[in-house]
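Encoded as structure tokens, the structure appears first; notes follow it.
Read-outs throughout are calculated quantities, based only on the coordinates presented, and are distinct from any laboratory measurement. Just so it is clear, the model here is predicted, and its values are computed rather than measured. Note that we place each Cβ from the backbone using ideal geometry, even for glycine, and neighbour counts take in every protein chain shown.
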Amino acid sequence: MCIRSLEGKKERGRRRVKGWPRMARATKFSAIIPRALFTRSISTASSFAVKLLAADFPPPPTPQVSFDLADTERLFASVPTSTLLRSFAILSLMAAGPVVDLGTAALRASMASGGRLLRPAALAAARATVHRQFCAGEGAEEASLTVQRMWSEVGLRSILDYGIEDAEDSASCQGNLAGFLRAVDLAATLPPTSASVCVKITALAPISLLERVSDLLRWEQKDPSFSLPWRAHSFPILCHSSPLFLTPREPEPLSEDEEQELQSALRRLSMLCDRCVKANIPLLIDAEYSSVQPAIDYFTYWATLESNKQREQPIVFGTIQTYLRDAKERMMNAVEAAEEQGVSLGVKLVRGAYLTRETRLAESMAAPSPIHGSLHETHVCFDTCASFMMEKVSKGSGAVVLATHNVHSGQEAARKAEELGIGKDDEKLQFAQLMGMADGLSLGLKNAGFRVSKYRPFGPVEQVIPYLLRRAEENKGVLSTSSKDRQLLRKELSRRVTAAFVGRALN
Ligand SMILES: Cc1cc2nc3c(=O)[nH]c(=O)nc-3n(C[C@H](O)[C@H](O)[C@H](O)COP(=O)(O)OP(=O)(O)OC[C@H]3O[C@@H](n4cnc5c(N)ncnc54)[C@H](O)[C@@H]3O)c2cc1C
């Protein structure tokens, strides 16, 4: 569910903006914000060249009550009934696996067909449903309006997610970098602390290179005498409990071309981090699947060492997937190494979204799954890692983003934060949910005073749909477990209907 009280404005924004903004659009963007608003100069946002006045972006309403999902009237006070209804309808439909399968297959077919009628019709349907539910907008202006509205009216922060697919070659990586840089520039024009940016390393470095680097890192874990001349200093990437079956034999060293390609990819990430450091915008690096994850962690720790030094609040956050059996050990090793080196480690904790892919891959290699044997073990691992990181936060080391829709985990973390005396406005503890999902939990945590962000993908429908399709398939389990969301929505909708009838009867 997306919490928008000014949907009309979004509609107008959508009609005005088609596709990704070019430089010309930046002028339009600054034009829609009155000049009087601007006082804070944002040097890195040269394309938008704006100065923001904090007074015109009032701080979100000051909450301060305990975490409570029971009172849905208070929980959804800022959400119009039309939005509740749409969210309830879409989440209910998507909770049925076969409907998601059918919908994604139909969308894929129509996107591939290029047919004159079918494709525009499919895009229009996707725009009105999934894009509207799960995306902040088609262009930077629209996304920016959504972020500002969520911030000033609801008090929720945003993590801008420039929705693009994996890169196969350097040229597409370069194009993707430009997109990510624009997302940082956009975040820099928004009210301070209201927006961060996330990135996928598979969009900045070719997949084949990430697979090669991951193989080599796995072999190094097997045989510590194995030499990797290109390897820069980083925190531990793999650990004793890490599965190494994906690299059954010694890989060839990187060729000269591959080494150059690796340096180019690191330079891209470095440019992105520099831009984030200058604009003070947190950068969250997503975790992906295990055939490339060691390389992603290598990139992440390399960037952490470059960007988080001498900073109390990290700029770069890596991601730990707690459905992996080795997650806790790997995370603890990295935290310990960062503490020893006096670097602030940022960790985003998730359960993990590539369950089917990981299980199938392990099966195909007749290896045990790298994923915990039961969902219960994943839950325990998530809550233990969250608790470990919160203890670190309470002692002043590290920062954590608890990215979950799980109400029990949210409740448990809220309780633990209070027990540890972590201030609810402490920026080192944050919660995050995907846009369109678990809004009850987001609002409950926000009402209790915690910092809460929504992951907001944005981009033209044609560009974001393949990305959303992949996410829908990967997250089928998540969609089917949206029962708590739907239960809260149903309760509030019934309450509003009853209140309307009673009101009419009394009149
Ligand atoms: C802000 C945000 C950022 C995210 N970033 C990433 C990211 O970078 N990388 C990434 O991989 N994912 C990411 N995700 C998705 C995340 O990993 C989860 O897929 C999703 O949030 C569901 O987990 P949950 O904590 O919300 O818990 P729940 O709603 O409790 O979901 C539990 C789900 O976990 C799955 N599951 C996990 N372990 C097991 C197991 N052992 N057996 C059976 N099922 C199991 C099931 O599908 C189940 O439906 C992100 C999510 C959010 C909210």
Burial ordering of Met390, Met332, fewest other beta-carbon atoms within 10 Å first: Met332, Met390
In order through region 170-175: 3J(HN,Hα) via Karplus (6.51 cos²θ - 1.76 cosθ + 1.60), integer Hz, x for Gly, Pro: 4, 4, 5, 4, 5, x
Pair Ala70, Gln263: separation of 7 Å Cα→Cβ label points (nm): 6.4 nm
Whole-Å semi-axes of region 257-345's equivalent ellipsoid (Cα gyration tensor): 20, 19, 12
Region 305-386, Cα convex hull volume normalised per residue, Å³: 104 Å³
Violating pairs (Cα-Cα greater than 23 angstrom) within the set Lys454/Lys484; Lys416/Lys446; Lys328/Lys446: Lys328/Lys446
Relative exposure of Lys395, Lys428, Lys484, judged by other C-beta atoms within 10 Å (fewest first): Lys395, Lys484, Lys428
Sparse-neighbour loop sites [GluC sites (Glu not before Pro); region 101-193; at most 14 other C-beta within 10 Å; DSSP]: Glu168
Distance in nm between pseudo-label sites at Ala96 and Lys309 (7 Å out along the Cβ direction from Cα): 5.7 nm
Expected-Rg normalisation [2.2 N^0.38 Å, Cα atoms] applied to region 372-476: 1.19
Surrounding net charge for Gln430, when Lys and Arg each add one and Asp and Glu each subtract one, Cβ distance under 10 Å: +2
Interchain or long-range residues, amide H under 5 Å from Ser196's placed H: Ser158, Ile159, Leu160
Of Leu190, Thr202, Val154, farthest towards positive along the dipole that unit charges on Lys, Arg, Asp, Glu beta carbons give region 140-267: Val154
Full-extension gain in nm, Ala124 to Lys222, via 0.36 nm per residue minus C-alpha separation: 30.2 nm
Residue-by-residue Karplus 3J(HN,Hα) for region 251-268, coefficients 6.51, -1.76, 1.60, Hz, glycine and proline x: x, 5, x, 5, 6, 4, 4, 5, 4, 5, 4, 5, 4, 4, 5, 5, 5, 4
Neighbour cut-off at most 12 other Cβ (10 Å), DSSP loop, trypsin sites (Lys or Arg not before Pro), region 169-269: Arg249
FRET E, pair Thr359, His408, Förster distance 25 Å, beta-carbon r, rounded to 0.05: 0.55
Within region 294-382, GluC sites (Glu not before Pro) in DSSP loop having at most 13 other beta-carbon neighbours inside 10 Å: Glu312
Long-range Cα-Cα pairs in region 314-440 (distance over 22 Å), rounded percent: 38 percent
For region 180-301, alpha-carbon Rg and Dmax in angstrom: 15.9, 51
Order of Phe450, Phe317 under a 10 Å beta carbon neighbour criterion, fewest first: Phe450, Phe317
Region 174-252: proportion of alpha-carbon pairs further apart than 20 angstrom, %: 52 percent
Sequence-distant residues sharing a close amide H with Gly139 (under 5 Å, placed H): Gly459
